[in-house]
Amino acid sequence: MVSEPQRIWGAAAVAVALLAAGSFSLAQRQWRHDLSQARRAGETSVAELAPLLESALRSARYADVPDVLQRWGRADPTVALITVTARNGFELGRFSRDASAAPQLQFQVPFTYGYAGDAVVTLTVDTAGALARRRQLAVELALGNLVLDVLILGAARLLVDNRRTVRRYRVLYAANEALIVGSDEREAFLARIVEAVVREGGYALVWIGFLAGDGSLEPAAVAGPAAGYAEGLEITSRPDVPQGQGPSGRSLREGRAVVVGDFRSEPAMSPWATRARLYRIRSSMAVPLVVDGVTLGLLGLYSGTAQHFDADERAMAEQLAADIAFGLEHRRRGERVRVELERNRRFLENAVDFVHIMDRDGRLVAASRSFCEFLGYPFEELVGRQPQTWNVDVDDARVHSDVGRALGGEVVRFASVYRRRDGATADVEVLLSAFSIGGEIYLYASARSLAELKRLERELLDAANREQRRLGQEMHDGLGHELTTAALAAEMLAAGARAQGLPTAAALDSLAGDVRRCIGTARAIVRGLSPLVEVGGSLAGGLAELGGGKRSVSGTDVIVDADPDCDAGLSAEAKSHLFRIAQEALQNALKYARASRVWISLGREGGQVVLTVGDDGVGLPDDYAERSGYGMGTMSYRARALRGRLDVEPRAGGGTLITCRVPQGV
């Protein structure tokens, strides 16, 4: 099969040959034209000379004949010789000029003068001028042909180079187009690539193979007229076996391109020469497919032309291999991304928690099916919306704080209230964190309904509180009365003994003191079990007693401002929880804050009962979120049990402020 460069060079050779033939033909035609002109000129000249000579001879002016010949000959530089000869052979006159070695033309005209006077004029013309013009024309045509030949061959060379360049670009374009279009099946995807390279590159054979775990190369796609050459071909990267000694094995081991210029002349290719001759393969190139320094496989290119893989062809083949390797890696990563996307999609579809993902501005971009179903919205109506759509408990300052903490790498946990499409609300616990994809930051929120958990928590706490109140009441009403009776009896016996002067009086006084101390211990236990028992169940009274007792023990000023009206509408369990929150907050302030003053307040605000405990101490540590322990967790737990919220924040002016808000009537 004749290649396109061969056709171009053949056309250039034909053009050069035709140009040479045309130039030769032109020179010959010019030479014939000059000779014809010389003949016509000679015939005309001798025809015009004969009457002049005839006139001179008729007048017996024989001496004029030489003069006529001289004038005539000198007037025409092409005249080499003129002779006038009588019939008897006598030469009547002659003109001669040094003649060149060029061919000459001779013309004769007979004429008659006087009675029986016959003569012949002979004119010889030199063709040196015509020959010189012929030579000059030949030189000019040769120079012109040389210039044109150079232009034709240069144009052919440029055309061949252009065709080769265009071909190389077409090969790369076709391969990259196949890479971009791709296919779901790897075999079909690779087949498109090798077929495109064969179609645009004119190769006899193109194949792609991948390394197996044992070092062998497994062809994955083959194309080209010589595809049969690859059938049964065994290639390995191992250097200790014959199958690894060829160019492909070397390319795999060395991680570089290996070129075979001519299968017939390279001794190393003798094991494959017969097979290559059968499929008319003359040269080949093996290029490794490398990704991140790791050889995945090989690209094999085969040509029916010897020395086909010059520097430009090698550069194109290496770029082609790099593009294929990149495309394969991109496809592999794309497959991983598709798998990951499918996994995430199924996760969102099947997530039990209410998962929703927002961009940095809080706009919803993805959500689980459980989240949409819980709120009663289709996803299409939720996408692009912000949390105000479903979150009742949205405070701009708090949202800004929570988002800032999440963007800082913290997993933020908080309680909130979600509003469904039908207007119903539900308590939820939300986990908020941030992640990044492609430089874009997103917020991941996972919410869980607290309805059942809160019900169980509340029942548990209520049961515990009821049991504590029962034990406290029993100790107050039973053990307390009995100890009081015992103390009074001991005091009465001691008084009687002293009156009688009995030595047992001192022992009875000591016994009465011990019983009174037991009464104090019992009361402390009662307050621990049910702190509001001794104040008739009043939360305001309990807070006042709590502040007074702590002030006397610690020396820290504890200021209590409790509105007694807040007790109305609060259940005994709610009062107990709020008291315990205040008790724990006060204990923390006295133990850790190094405060000189603590404020406890209880009031109403917007349909809520608000309990605050503030101090002027050292404030919250920087790692407060990580260090918050059991006590803080218990306070948050109690607040959630009352469908309330607990906030811990720095106090204006220094120190810490703990605020608990619960619905009135809880």
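The values are calculated or read from the model by the stated rules, or taken from the named source; none is laboratory data. This is a predicted model, so every value here is computed, not measured. Here the Cβ is made from the backbone with ideal geometry for all residues, glycine too, and neighbour counts use every protein chain on show. Quick note on the areas: whole protein, heavy atoms, side chains included, nothing else; ligands and nucleic acids left out. Shrake-Rupley method; radii C 1.70, N 1.55, O 1.52, S 1.80 Å.
Points worth noting:
- Taking the average, over residues, of other Cβ atoms within 10 Å as the packing measure, peptides 494-504, 170-180 rank 170-180, 494-504 from highest down.
- Placing +1 on each Lys and Arg Cβ and -1 on each Asp and Glu Cβ, with no other charges, gives the range 378-444 a dipole about its Cα centre of roughly 40 debye.
- Taken over the range 177-309, the percentage of Cα pairs per 5 Å bin, counting from 0 up to the bin with the maximum distance, is 2, 11, 20, 25, 22, 13, 5, 2, 0.
- Electrostatic bookkeeping for VAL337 treats Lys and Arg as +1 and Asp and Glu as -1; over the other residues with beta carbon under 14 Å from its beta carbon, the sum is +3.
- Efficiency of FRET from Cβ geometry, VAL383 and GLU266, R₀ 60 Å, rounded to 0.05: 0.35
- Normalised radius of gyration (Cα atoms, divided by 2.2 N^0.38 Å) for the range 180-220: 1.31.
- Projecting the Cα atoms of LEU179, ALA221, GLN243 onto the charge dipole of the range 176-252, computed from C-beta unit charges around the Cα centre, puts GLN243 farthest toward the positive end.
- Computed over protein heavy atoms with a 1.4 Å probe, the accessible surface of the range 320-389 works out to 58 Å² per residue.
- By average C-beta atoms within 10 angstrom, highest first, the peptides 398-411, 280-293: 280-293, 398-411
- When both the range 593-618 and the range 173-231 are represented by their alpha-carbon centers, they are found 77 Å apart.
- Zone residues, the range 244-272, relative to ALA311, backbone N less than 17 Å from point 7 Å out along Cα-to-Cβ: 259
- Accessible area per residue, Å², the range 226-268 with all protein chains present, probe 1.4 Å: 49 Å²
- R0 of 25 Å, Cβ-Cβ distance TYR444-ASP647: FRET efficiency to nearest 0.05: 0.60
- Rounded if a/c under 1.5, otherwise prolate or oblate - the range 353-405, Cα gyration tensor axes: prolate
- The residue among ALA641, ALA652, ASN588 whose Cα reaches farthest toward the positive pole of the charge dipole of the range 577-666, with charges on the beta-carbon of Lys, Arg, Asp and Glu, is ALA641.
- Of the solvent-accessible surface of the range 230-384, computed with a 1.4 Å probe and all protein chains present, 51% belongs to carbon and sulfur.
- Cut-off 13 Å between beta-carbons: net charge of the residues surrounding ALA276, Lys and Arg +1, Asp and Glu -1: +3
- Take ARG413: with every protein chain present and a 1.4 Å probe, its accessible area is about 150 Å².
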